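Since the structure comes first, as structure tokens, the remarks are kept for the end.
The values are calculated or read from the model by the stated rules, or taken from the named source; none is laboratory data. Note that this is a predicted model, so its numbers are computed, not measured. Quick reminder, even Gly has a Cβ in these numbers, built from the backbone with ideal geometry, and neighbours come from all protein chains shown.
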Amino acid sequence: MSIPADLKYTASHEWVKLNADGTVTVGITEHAQDLLGDMVFVETPVVGRTLTAGEECAVVESVKAASDVYAPIAGEVVAANAEVEASPEKINQDAHAAWMFTLKPANVADLDGLLDAAAYQALVESEAH
């Protein structure tokens with residue numbers, strides 16, 4: 001399982017990438033898509049929506065289950081990935097490339113509260129037992 005070191009993670013299995021322009025890109029982790037199986041539907045948040053940390057903001061559905069996606073930090077949605085909505089299987093092909101939405105953080109320091117790769121790896125291993 002791939003857990004890229006340059007990303008941050010949430011306990012609810014979202015990955016977060018800080019971009020050069022100060023925005024953050026969000027998707028679901030490879031572990032999450034492994035658990036869910038073949039994706040059949042993705043709904044991303046509307047551009048312009050203001051999110052609070054932990055708020056349900058998107059949905060992924062697989063042949064096995066539907067799951068909410070949560071905002072990792074507070075901010076405004078500045079982009080949504082229409083490509084992943086049109087082709088949900090892109091998440092199965094490469095979960096870390098198939099981003100769902102981009103946020104302009106209310107406070108970029110909130111990223112410090114997220115998990116690094118080692119902490120996320122430990123979380124995944126603890127859930128497996």
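Out of E61, E125, E83, E76, which single residue is of a type outside the set (V, I, T), over 17 Å from H31 (Cβ atoms) and assigned to a helix (DSSP H, G or I)?
E83
Could you give every pair whose Cβ atoms fall below 7 Å, whose first residue belongs to region 20-48 and is over 19 Å from A66 (Cβ atoms) and of a type in the set (S, T, Y), and whose second residue is assigned to a strand (DSSP E or B) and at pLDDT 95 or above, counting only separations of at least 6 or pairs across chains?
T23/V78; T23/T102; T23/L103; T23/K104; T25/K17; T25/T102
Just to be sure, is E61 buried (at least 19 other Cβ atoms within 10 Å of the Cβ), within 25 Å of A128 (Cβ to Cβ), of a type outside the set (A, V, I, L, M) and out of contact with any Gly (no Cβ under 6 Å at 6 or more places or on another chain)?
no
So which residues in region 77-129 are among the acidic types (D, E) and either over 28 Å from K64 (Cβ atoms) or free of Cβ contacts under 8 Å to residues at least 24 places away in the same chain (or both)?
Passing the criteria: E83, D94, D110, D112, D116, E125, E127.
Please work out which one of (1) under 21 Å from G113 (Cβ atoms); (2) touching a strand residue (DSSP E or B) at 6+ places or on another chain (Cβ under 8 Å) is the condition A66 fails and give its number.
(1)
Any residue at all in region 16-23 that is under 17 Å from L123 (Cα atoms) and within 12 Å of the chain's Cα centre (by Cα)?
Yes, there is a match, as at least one residue in region 16-23 is under 17 Å from L123 (Cα atoms) and within 12 Å of the chain's Cα centre (by Cα).
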